[in-house]
Amino acid sequence: MSGQYHRSHSRAWFLERPGYIRFMIRELTSFFVAAYLVVLILTLGRAAAGEAALAEWLQALSGTGWMVAHGVALVMAVWHAVTWFKAVPQAMPIFIGEKKLDAPVAAVLMGYGPWLTVTAGVVWWAVR
């Protein structure tokens with residue numbers, strides 16, 4: 001016996017506090033993001049296979065079920081990003097001299113600002 005105390009946890013430990021529930025939801029959203037990345041990789045593979053293969057794949061992705069899946073993946077990706085941007089300033093605070101930058105300002109500087117800038121650039125590129 002090692003003499004160390006190992007506290008046992010129930011399988012539903014994350015239901016004990018609202019913060020734990022939010023954490024687990026954020027972790028669950030990563031599976032949706034990963035699944036959507038698999039679809040993106042498959043799309044790139046079809047694009048490399050030729051124009052006919054890509055057209056067939058895009059036709060399959062335009063079905064109602066896939067549209068719902070795209071919407072769910074978008075909502076999950078946004079939830080994941082927003083909760084990540086809220087968590088980063090707590091884990092990696094920004095200091096200007098001796099003064100710690102407020103968490104909302106740091107979240108804008110490190111997360112929302114770059115996200116919106118890249119999004120605006122992609123939208124500009126897509127509509128030009």
Just the residues that are farther than 21 Å from T83 by Cβ and part of a loop (DSSP other than H, G, I, E, B), please, taken from the stretch 95-128. G97, E98, R128
Does V39 qualify as being under 28 Å from H80 (Cβ atoms), surrounded by 10 or more Cβ atoms within 10 Å (Cβ to Cβ) and in contact (Cβ under 8 Å) with a residue 40 or more places away in the chain? no
Result of the Cβ filter at 9 Å on the stretch 93-112, keeping first residues that are free of Cβ contacts under 8 Å to residues at least 60 places away in the same chain and surrounded by 13 or more Cβ atoms within 10 Å (Cβ to Cβ) and partners that are among the aromatic types (F, W, Y) and not in a helix (DSSP H, G or I), at least 6 apart or interchain, is L101/F95
Out of all the residues in the stretch 1-20, which are loosely packed, with under 10 Cβ neighbours inside 10 Å and closer than 24 Å to W84 by Cβ? P18, G19
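Every read-out reported here was derived from the displayed coordinates using simple, explicitly stated rules and does not represent laboratory data. Just so it is clear, the structure is predicted and the values come from calculations on it, not from any experiment. Every residue, glycine among them, receives a Cβ derived from its backbone with ideal geometry; neighbour counts consider all protein chains shown.
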